[in-house]
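Reading through the structure tokens given below for one structure.
The values are calculated or read from the model by the stated rules, or taken from the named source; none is laboratory data. Bear in mind that the values here come from a model prediction, so they are computed numbers and not experimental data. So basically every Cβ, Gly included, is an ideal-geometry build from the backbone, and we count neighbours across all protein chains shown. Heavy atoms of the whole protein, side chains included, go into the accessibility calculation; ligands, DNA and RNA do not. Shrake-Rupley method; radii C 1.70, N 1.55, O 1.52, S 1.80 Å.
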Amino acid sequence: MRKPIPITVLTGYLGSGKTTLVNRLLADPQGLRIAVIVNDIGEINIDAALISEKGHASITDDSLVALTNGCICCTLRTDLITQIVRLAKADCFDYILIEASGICEPLPIAQSIAMLDGTMKDQGLPTLCRLDSVVTVVDAYRLLTEFSGGEALLYPDGEADIAQLLVEQIEFCDLVLLNKTDLLSEEETAKVEAIVKALQPSAQIRQTSFADVPSKDILNLRLFDFSKTFLSAGWAQTIEHEQDEEEIHDHHEAEHHGHGENHDGHHHDHDGHQHLDEYGISTFVYYRRRPFHDDRLEAWVNRFPAQVIRCKGLVWIDGEDDTSFLLEQAGKSVSVQPFSRWLAAASPKEREQAWQRDPLSRNNWDEQAGDRMTKLVFIGADMDEAAICASLDKCLA
């Protein structure tokens with residue numbers, strides 16, 4: 001039986017250097033027969049044309065598949081799966097490169113590929129491929145501009161701030177290519193790398209100019225593990241670190257007081273922080289068991305601290321005791337949206353069932369608030385943690 005064909009997914013915002021990287025990989029394929037799936041959002045696939053012009057593959061050739069008029073992380077997901085199946089079954093390729101559109105989120109692409117990697121055998125889907133790695137190409141100059149006081153960078157037609165997408169592409173990957181470093185000084189490059197490490201501490205980072213990277217450093221790395229990559233973002237690791245600290249604290253409290261809660265019968269509000277490096281990049285957790293006043297929180301969000309690069313977490317809003325809200329910020333893009341139902345709003349039977357499925361979730365239970373809380377991770381440069389926390393405390397109901 002043929003081994004599953006390895007796939008590398010290349011993501012990165014428009015103009016980051018993905019197409020240049022694809023051409024370099026095709027020029028030095030390491031003896032591999034490589035098929036390329038290129039996704040461009042417009043009706044004419046410009047990236048496919050550029051690859052074809054380089055002479056490495058042809059649009060009329062089965063080795064180059066152009067997916068247009070949509071995005072493979074949403075409207076073209078079925079097309080993507082269909083093309084992967086066709087290329088894998090053709091039995092004439094050793095490797096598949098997927099160049100995602102600049103506005104693609106990598107997570108849905110990985111989920112689509114996972115349907116064919118053997119994890120869904122019980123649903124009758126064949127094992128045809130394996131996701132080798134998700135590589136994010138980052139325009140180092142643009143990243144520095146976006147997160148160091150530059151003007152907001154917008155999608156065409158002003159649909160949304162791109163900062164959110166830039167961050168999501170960095171957070172869900174195994175390898176970051178920090179491209180266009182020739183446009184920055186050594187100090188600026190080091191600062192950008194520190195920002196990337198704060199956003200994604202688990203990924204490998206390589207500095208490059210003109211996407212000049214040997215193909216052996218991109219292909220067949222065997223880096224991707226869905227669960228690890230999913231939880232590898234800086235905000236997620238900060239939450240995990242904070243939970244570990246809480247467990248240690250609760251253990252000491254139990255030894256001292258004879259039970260796992262604080263002596264007044266419920267968890268205290270607190271902040272947790274960890275300084276990362278000499279560039280002033282740091283992270284902290286804002287944690288409260290009191291709800292926010294809706295209008296005061298909205299006013300605060302509209303004046304979001306400029307030093308914060310990334311903020312994400314759950315929010316409890318007064319008067320909305322059934323629903324948790326997700327606050328998500330990246331650069332100048334900020335949103336607060338309904339997320340899920342608090343367990344405290346469920347029936348006792350539903351609560352017990354949830355605790356049986358996830359026993360650790362019982363640790364978040366407070367006799368007064370239930371599981372309602374605000375827990376926000378902040379990642380930023382030269383943040384005034386005390387001032388940010390104090391300003392948020394003024395928004396509490």
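Which pairs have Cβ atoms under 8 Å, sit 6 or more apart or on different chains, and link a residue in region 208-234 that is closer than 24 Å to A190 by Cα to one that is among the aliphatic types (A, V, I, L, M) and in a loop (DSSP other than H, G, I, E, B)?
Filtered contacts from region 208-234: S232/A203.
Can you find, within region 176-193, the residue that is most open to solvent (accessible area, probe 1.4 Å) among those that are within 15 Å of D212 (Cα to Cα) and among the hydrophobic types (A, V, I, L, M, F, W, C)? Quick ask: steps written out before the conclusion?
Taking region 176-193 first, the residues within 15 Å of D212 (Cα to Cα) are 176-183.
Filter once more, keeping what is among the hydrophobic types (A, V, I, L, M, F, W, C): 176-178, 183.
Working: V176: 0, L177: 1, L178: 1, L183: 101 Å².
Across region 176-193, the extreme among qualifying residues is L183.
Does A233 meet the test of being surrounded by 15 or more Cβ atoms within 10 Å (Cβ to Cβ) and modelled with pLDDT of 90 or more? Spell out the reasoning first.
Details: surrounded by 15 or more Cβ atoms within 10 Å (Cβ to Cβ): yes; modelled with pLDDT of 90 or more: no.
No: the conditions fail for A233.
Pairs only if they're at least six apart or on different chains, beta carbon under 6 angstrom, first in region 75-97 and of a type in the set (A, V, I, L, M, F, W, C), second at pLDDT 85 or above and open to solvent by 40 Å² or more (accessible area, probe 1.4 Å); list them, first residue then second.
Note: pairs meeting the criteria are F93/R33.
Please state which one of L64, L97, L80 is open to solvent by less than 40 Å² (accessible area, probe 1.4 Å), modelled with pLDDT of 85 or more and within 21 Å of L219 (Cα to Cα).
The match here is L97.
Which of (1) among the charged types (D, E, K, R); (2) more than 24 Å from the chain's Cα centre (by Cα); (3) open to solvent by 60 Å² or more (accessible area, probe 1.4 Å) does R288 not meet, given it meets every other one?
Going through the list (1) among the charged types (D, E, K, R); (2) more than 24 Å from the chain's Cα centre (by Cα); (3) open to solvent by 60 Å² or more (accessible area, probe 1.4 Å), R288 breaks only (3).
Condition first: of a type outside the set (A, V, I, L, M, F, W, C) and surrounded by 14 or more Cβ atoms within 10 Å (Cβ to Cβ). Now tell me which residues in region 351-360 satisfy that.
Within region 351-360, R351 is the sole residue that qualifies.
Which of the strands (runs of 3 or more DSSP E) contained wholly in region 291-350 include at least 3 residues that are surrounded by fewer than 15 Cβ atoms within 10 Å (Cβ to Cβ)? Give the derivation first.
Numbers: elements: 308-315, 323-330, 333-341.
The qualifying strands (runs of 3 or more DSSP E) are 333-341.
Restricting attention to region 210-225, report how many residues are touching a strand residue (DSSP E or B) at 6+ places or on another chain (Cβ under 8 Å) and either surrounded by 15 or more Cβ atoms within 10 Å (Cβ to Cβ) or among the aromatic types (F, W, Y) (or both). Steps first, please.
We begin by selecting, within region 210-225, every residue touching a strand residue (DSSP E or B) at 6+ places or on another chain (Cβ under 8 Å); these are 210-211, 213, 217-224.
Filter once more, keeping what is either surrounded by 15 or more Cβ atoms within 10 Å (Cβ to Cβ) or among the aromatic types (F, W, Y) (or both): 210-211, 213, 218-221, 223-224.
The number of residues fulfilling the criteria is 9.
Suppose we keep only residues that are more than 23 Å from G331 (Cα to Cα) and β-branched (V, I, T) within region 178-231. Which one would you say is nearest to the chain's Cα centre (by Cα)?
I218
Got a sec? Which of D117, D132 is open to solvent by 30 Å² or more (accessible area, probe 1.4 Å), modelled with pLDDT of 80 or more and not basic (K, R)? Can you show your working first?
Working: D132 fails: open to solvent by 30 Å² or more (accessible area, probe 1.4 Å).
On inspection, the qualifying residue turns out to be D117.
For the structure I just gave you, tell me whether L14 is in a loop (DSSP other than H, G, I, E, B), modelled with pLDDT of 90 or more and open to solvent by 10 Å² or more (accessible area, probe 1.4 Å). Write out each step before concluding.
On the way: in a loop (DSSP other than H, G, I, E, B): yes; modelled with pLDDT of 90 or more: no; open to solvent by 10 Å² or more (accessible area, probe 1.4 Å): yes.
Spelling it out, it is not the case that L14 is in a loop (DSSP other than H, G, I, E, B), modelled with pLDDT of 90 or more and open to solvent by 10 Å² or more (accessible area, probe 1.4 Å).
Would you mind stating whether Q353 is farther than 28 Å from V192 by Cβ and not in a loop (DSSP other than H, G, I, E, B)? Break it down into steps so the answer makes sense when it comes.
On the way: farther than 28 Å from V192 by Cβ: yes; not in a loop (DSSP other than H, G, I, E, B): yes.
Here the answer is yes, as Q353 does meet what is asked.
What number goes with the only condition from (1) within 27 Å of A198 (Cβ to Cβ); (2) over 22 Å from the mean Cα position of the chain (by Cα) that G331 does not pass?
Status for G331: all satisfied but (2).
Looking at E240 and the list (1) within 22 Å of F284 (Cβ to Cβ); (2) surrounded by 15 or more Cβ atoms within 10 Å (Cβ to Cβ); (3) of a type outside the set (V, I, T), which single condition is not satisfied?
The number of the failed condition is (2).
Working only within region 365-379, note down all residues that are touching a Phe, Trp or Tyr at 6+ places or on another chain (Cβ under 9 Å), open to solvent by less than 10 Å² (accessible area, probe 1.4 Å) and of a type outside the set (S, T, N, Q).
If we filter region 365-379 for residues that are touching a Phe, Trp or Tyr at 6+ places or on another chain (Cβ under 9 Å), which is where we start, we get 365, 369-379.
Right, trim to open to solvent by less than 10 Å² (accessible area, probe 1.4 Å) and you get 369-370, 374, 376-379.
If the condition is that a residue be touching a Phe, Trp or Tyr at 6+ places or on another chain (Cβ under 9 Å), open to solvent by less than 10 Å² (accessible area, probe 1.4 Å) and of a type outside the set (S, T, N, Q), then A369, G370, L376, V377, F378, I379 are the ones that fit.
For region 388-397, how many residues are surrounded by fewer than 11 Cβ atoms within 10 Å (Cβ to Cβ) and either modelled with pLDDT under 95 or under 25 Å from A163 (Cα atoms) (or both)?
0
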